[in-house]
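The values are calculated or read from the model by the stated rules, or taken from the named source; none is laboratory data. This is a predicted model, so every value here is computed, not measured. FYI the Cβ positions are ideal-geometry reconstructions off the backbone, even for glycines, and counts take in every protein chain you see. Quick note on the areas: whole protein, heavy atoms, side chains included, nothing else; ligands and nucleic acids left out. Shrake-Rupley method; radii C 1.70, N 1.55, O 1.52, S 1.80 Å.
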Amino acid sequence: DFTDYYQLIIDMEIESSMDYVIDDFFELFPKDELVTMFEEMYTSPDYDIAFEMNKLGNFSKIIKVENAYYNVFTNFSAMKMRFNNTETIETKEEKLARNREVEIDLKESFGQENVVFDTETDFFTIQTNTRVCAKSINGTTGWKYLNLEKNQLDILKKIIPKKVLKLM
């Protein structure tokens with residue numbers, strides 16, 4: 001299931017990918033607004049973005065909380081981004097300086113070892129290790145997913161049981 005979901009993200013089929021998101025999330029953030037936001041983000045002239053196939057690991061045991069089953073795992077994936085200057089014409093030196101600034105910012109956000117800049121293509125490759133919550137009503141099929149970002153803990157507490165969040 002998660003591989004199908006992630007393939008939709010790679011293919012930038014945003015609306016279809018939402019079928020794999022934990023439904024409770026849409027009580028806080030309407031699905032149509034999320035689709036619009038992601039479509040705008042993926043088609044922005046300010047940058048090019050692409051996702052690469054992932055590996056999964058560090059699975060927790062499946063636990064039952066109330067009327068649902070949960071599993072937490074790590075999604076090891078890569079994202080490629082190229083930032084475009086759409087406002088002005090820049091020299092090679094200005095472009096290099098801009099990319100250095102972006103590289104510093106990305107390394108601060110994702111970690112020094114997780115960001116690589118390709119000077120030939122101007123793409124940054126960002127390795128991410130994201131904890132993911134999987135939820136199923138029967139514990140075997142129909143899994144739906146939500147990234148567990150520590151900086152979004154207040155939101156997550158509203159829709160993911162505490163017992164599951166402890167597995168982050």
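Worth a mention:
- Pick from the range 51-94, criterion modelled with pLDDT under 90 and of a type in the set (V, I, T), ranking: farthest from D11 (Cα to Cα): T91
- Qualifying residue in the range 113-134 (condition: part of a helix (DSSP H, G or I) and at negative phi): yes
- Within the range 130-158, the set of residues being touching a Cys at 6+ places or on another chain (Cβ under 9 Å) and surrounded by fewer than 17 Cβ atoms within 10 Å (Cβ to Cβ) comprises N147 only.
- Residue match in the range 11-27 (condition: exposed (fewer than 15 other Cβ atoms within 10 Å of the Cβ), within 20 Å of F123 (Cα to Cα) and out of contact with any helix residue (DSSP H, G or I) (no Cβ under 8 Å at 6 or more places or on another chain)): yes
- Count of the range 20-47 residues, restricted to those that are modelled with pLDDT of 90 or more, outside any helix (DSSP H, G or I) and of a type outside the set (A, V, I, L, M), is 4.
- Those residues of the range 55-64 which are part of a loop (DSSP other than H, G, I, E, B) and open to solvent by less than 80 Å² (accessible area, probe 1.4 Å), in sequence order: S60
- Residue within the range 136-149 that is part of a helix (DSSP H, G or I), in contact (Cβ under 8 Å) with a residue 24 or more places away in the chain and more than 18 Å from the chain's Cα centre (by Cα) present: no
- Some residue of the range 42-54 being open to solvent by 80 Å² or more (accessible area, probe 1.4 Å) and of a type in the set (D, E): no
- Of residues in the range 89-129 being of a type in the set (S, T, Y) and closer than 16 Å to D48 by Cα, the one least open to solvent (accessible area, probe 1.4 Å): T125
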